[in-house]
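Comments concern the structure below.
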Amino acid sequence: MAENLRFHGKIMGARMSKTADWWFISITVEIPQEPSFKRAAAVGIDVGLNRLVTLSTAEGYENQAFLKASLHKLRQANKRLHRRVQGSKNREKARRQVARLHYRITCLRQDLLHKVSTHLATCYGIIGIEDLNLKGMLKNRCLARSLSDAALGTLLSLLTSKVEQRSGQVVKVGRFFPSSKTCHGCGWRWEDMDLSDRLFVCQNADCAYHHVPQDRDHNASLNILDEALRLIGLMDQAVGGTGSDEDAKLAVDWMEDQKSFGFEAIEDEAATTRGVGLCLHTFYYINWSRFAFYLCHSITKRTPTLSVHWRYSLCDSTSTYLLVVLLHATNIGFV
């Protein structure tokens, strides 16, 4: 065998398979059940196509879109396949090349989904998710390929099984629950919100987040968490790190400093990050002082006077003038 068995126990059986010119053997091993332990942390999850997963704890996973990234190579390989004479050796070689490309895309996607689901199931005991109508969404011709590439159904299936295996609980929120249109601070609802609106701005004057731009997916994940805890009767359970009144005050102060510089209100998403591999990163759309720190570090590649745990890259046109304002608002210095 190419590698030793990863588990020790009684071998129950084996199964051989062939995929894209590679032979595999799957061995079933009976092992004792690991002792389960409960984790008190709860989290809400909003899944999507731009960001695969956005957590209520301000973390997220980017959607790598492996099929989209390999689409050009796949089209070229299919062209070579259809130009070969049927029954020839060259056609068989071209067919194997197409099969290897498809298998590589599948392996990359499965690797990402397993890493994401394992991390979430290990860190959180209660996970709130949306009960999406994925079959109905696949009927949309404009989104069918992107949805299939993201494999949201596989992700939710893996997450559910791994959480239950670790004695956790997955709470499904109704698909008609307006998580994206509702402010998590006061409950005000933006009825006319469209898919193109990537920032949620609460219009309730009594809300701590009044006129404070919030990331749409992050706001939705917070609402999903609240609804999931309500469904299981744990509304008082708190999840630290986001949504505090102190963070909202920081955002309001930042907006006042922005107006003093003469800039207009931001109408686009402030900044996003994209990495390679697992792409675990943090979205600090409310705590602008930390957000400014990440912007400064990613542009200058120099370490600010505060501690850093992640490295970021910018991919937004508004980040250039935002940096000047954020530096002024937080008084960050460089060493």
Within segment 66-100, count every residue that is under 14 Å from D149 (Cβ atoms) and in contact (Cβ under 8 Å) with a residue 24 or more places away in the chain.
5
What number goes with the only condition from (1) at pLDDT 85 or above; (2) farther than 23 Å from L231 by Cβ that Q169 does not pass?
(2)
So, S196, is that one in a helix (DSSP H, G or I), closer than 30 Å to S70 by Cβ and either in the same structural domain as A228 (by TED's automatic domain parsing) or in contact with a His (Cβ under 7 Å, 6 or more places away or on another chain) (or both) or not?
no
Qualifying residue in segment 198-206 (condition: in contact with a Pro (Cβ under 6 Å, 6 or more places away or on another chain), aliphatic (A, V, I, L, M) and in contact (Cβ under 8 Å) with a residue 40 or more places away in the chain)
yes
Pairs please, first residue from segment 17-41 and outside any loop (DSSP other than H, G, I, E, B), second anywhere and modelled with pLDDT under 75, Cβ atoms under 8 Å, 6+ apart in sequence or on different chains.
I25/M1
Would you check which residues across segment 118-144 are assigned to a helix (DSSP H, G or I) and in contact with a helix residue (DSSP H, G or I) (Cβ under 7 Å, 6 or more places away or on another chain) and list them?
T118, L120, A121, L134, M137
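Condition check ((1) among the acidic types (D, E); (2) surrounded by 14 or more Cβ atoms within 10 Å (Cβ to Cβ)) across all residues:
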| residue | (1), (2) |
| --- | --- |
| I27 | no, no |
| E30 | yes, no |
| A41 | no, yes |
| V47 | no, yes |
| S56 | no, yes |
| Y61 | no, yes |
| Q64 | no, yes |
| L67 | no, yes |
| L71 | no, yes |
Looking for something modelled with pLDDT of 90 or more and farther than 20 Å from F177 by Cβ - is there at least one such residue anywhere in segment 130-144?
yes
Across (1) at pLDDT 90 or above; (2) within 19 Å of V173 (Cβ to Cβ); (3) not acidic (D, E), A41 clears everything bar (1)
Q86 vs. criteria modelled with pLDDT under 95, out of contact with any Asp or Glu (no Cβ under 7 Å at 6 or more places or on another chain) and surrounded by 16 or more Cβ atoms within 10 Å (Cβ to Cβ):
no
Scan segment 120-127 and give yes if some residue there is over 16 Å from the mean Cα position of the chain (by Cα), in contact (Cβ under 8 Å) with a residue 12 or more places away in the chain, under 24 Å from H184 (Cβ atoms) and surrounded by 12 or more Cβ atoms within 10 Å (Cβ to Cβ), otherwise no.
yes
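The values are calculated or read from the model by the stated rules, or taken from the named source; none is laboratory data. These numbers were taken from a predicted model, which means no experiment stands behind them. Reconstructed Cβ throughout: ideal geometry from the backbone, glycine too, with neighbour counts over all protein chains shown.
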